[in-house]
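Comments concern the structure below.
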Amino acid sequence: MTDLEAAAALIEQADGIAISCHQGPDGDALGSALGFGLAAKAAGKTVTVSFSEPFVVPDNLRFLPLDLLVEPDEFPEEPGLMVVFDTGDRARLGSLVSNSKAAKHLVVIDHHVTNEGFGDVNVIDGDAGASALLTHRLLELLGWPLTREIATCLHVGLVTDTGRFQYSNTTPELLESAAAMIEAGAEPAVVGQEIYESVPFGYLSVVAAVTGRAVLEPEHDFVWSLLISDDLEKAGIEPSAVPGMIDYIRIAREAETACLVKDLGGPVEVSLRSRNHVDVGAIASSAGGGGHARAAGFTYPGSAEAAVALVRDALADG
Ligand code: 5GP
Ligand code: MN
């Protein structure tokens, strides 16, 4: 039996399914969780979907069908079956770690190469460009049909984790999956506009602040910048309204590696990207985070400057 078949067997047997994804969810995490949740509900299961505090859906994902979402404290404490999506390690479940430990059965569906498998059944495929692709495979195996809403959720995962079908993880199979989503009613123009072209005006000044303080370190092929609370306060916008800042930093062609540190009051959050050869997943893992070879991240208990220094040192040693 393959891992996917083992996951499908547990899912088929369950009456209720508690579904989660990593904290601070992105399009792939939330899209996969909600898409699977909607399909499970249509198959007659009792479904709850949640993710850890801060329980805030990013602005650009609020157009998704969110009806299944409940606050994390309403999530089953001892689920019979818990299925988690796009979560590279257990700690990324935040306050739902304890629920995952108390779950009778835990299924992990993920595409992070750094995922060591913390479930009873682990469907982990580092070659899959998005967890949404694995979710699609799972729905096909279960024989659960796509609806327009499910397809929209999964399409969001496919689009966002491939950078709009641009990164090296864009495979023929992934494009076939996207084709199936569009066939089932996902609208690329709606998804594209909601995700990428629908920011509050204040976002523009945050881009200016973040790009304005970017630093290029040619000796390390490295470009980095900071996003600070003051940027958001001046712009009058919430952290949930500023995804994607790393994408403005990574485009500097002089740099192989790009880093954005978000210093917004809590522990600093570090995003890493590389162009061709630096394994940022390995750097993030060594700092207690994880991700992929070309996109990774970690949370750091020290200052933003110390987090940048950690990355610089790893590049210098690399
Ligand atoms: P982003 O920079 O977009 O937040 O994340 C890039 C990639 O790194 C994503 O695949 C994300 O799941 C992963 N990642 C980001 N932060 C962390 C972290 O703190 N821990 C782990 N394990 N992975 C992370
Ligand atoms: Mn993903």
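All conditions but one from (1) within 11 Å of ligand 2 (Cβ to nearest atom); (2) within 15 Å of Gly88 (Cβ to Cβ); (3) among the hydroxyl-bearing types (Ser, Thr, Tyr) apply to Thr162; the one that does not is (2). Would you confirm, using the coordinates I've provided, whether Asp67 is among the acidic types (Asp, Glu), within 16 Å of ligand 1 (Cβ to nearest atom) and within 23 Å of Thr160 (Cβ to Cβ)? When the stated conditions are applied, Asp67 does not pass them. Assessment of region 80-98 against the conditions (buried (at least 18 other Cβ atoms within 10 Å of the Cβ), within 15 Å of ligand 1 (Cβ to nearest atom), of a type in the set (Phe, Trp, Tyr) and within 24 Å of His155 (Cβ to Cβ)) yields at least one matching residue.
From Ile237, Ile228, Ile251, grab the single residue that is among the aliphatic types (A, V, I, L, M) and free of Cβ contacts under 8 Å to residues at least 24 places away in the same chain. So that I can check it myself, show each step before the final result.
Numbers: Ile237 fails: free of Cβ contacts under 8 Å to residues at least 24 places away in the same chain; Ile228 fails: free of Cβ contacts under 8 Å to residues at least 24 places away in the same chain.
None of the other options fit; the residue is Ile251.
Taking region 207-224 as the range and being surrounded by fewer than 21 Cβ atoms within 10 Å (Cβ to Cβ) and outside any helix (DSSP H, G or I) as the test, the residues that pass are Arg213, Ala214, Val215, Leu216, Glu217, Asp221. Filtered by the rule that a residue be over 20 Å from Leu4 (Cβ atoms) and in contact with a helix residue (DSSP H, G or I) (Cβ under 8 Å, 6 or more places away or on another chain), region 79-93 gives Pro79, Arg90, Ala91, Leu93.
Please note which helices (runs of 4 or more DSSP H) are completely contained in region 240-318 and include at least 3 residues that are within 16 Å of ligand 2 (Cβ to nearest atom). It would help to see each step written out before you state the result.
Values: elements: 246-249, 280-286, 304-317.
Result: 280-286.
Looking only at residues in region 100-122 that are farther than 20 Å from Leu138 by Cα and crowded, with 18+ Cβ neighbours inside 10 Å, the one that is nearest to ligand 1 (Cβ to nearest atom) is Thr114. Exactly one residue out of Leu138, Leu154, Leu174 is under 20 Å from the mean Cα position of the chain (by Cα), of a type in the set (A, V, I, L, M, F, W, C) and farther than 22 Å from Pro243 by Cβ: that is Leu138. Only residues that are assigned to a helix (DSSP H, G or I) and away from ligand 2 (no atom under 13 Å from the Cβ) were counted in region 1-34, giving 12. The requirement of being under 18 Å from Ala309 (Cα atoms) and touching an Asp or Glu at 6+ places or on another chain (Cβ under 7 Å) is satisfied by Leu216. Summed over region 242-255, residues that are buried (at least 19 other Cβ atoms within 10 Å of the Cβ) and away from ligand 1 (no atom under 15 Å from the Cβ) total 1. Scanning region 113-130 for residues that are touching an Asp or Glu at 6+ places or on another chain (Cβ under 8 Å) and either outside any loop (DSSP other than H, G, I, E, B) or touching a residue at least 60 places away in the same chain (Cβ under 8 Å) (or both) yields Thr114, Asn115, Val121, Asn122, Val123, Ile124, Ala130.
Read-outs throughout are calculated quantities, based only on the coordinates presented, and are distinct from any laboratory measurement. It should be emphasised that the depicted structure is a prediction, and the values quoted were computed from it without experimental measurement. Using ideal geometry, Cβ is built from the backbone for each residue, glycine included, and neighbour counts are taken over all protein chains shown.
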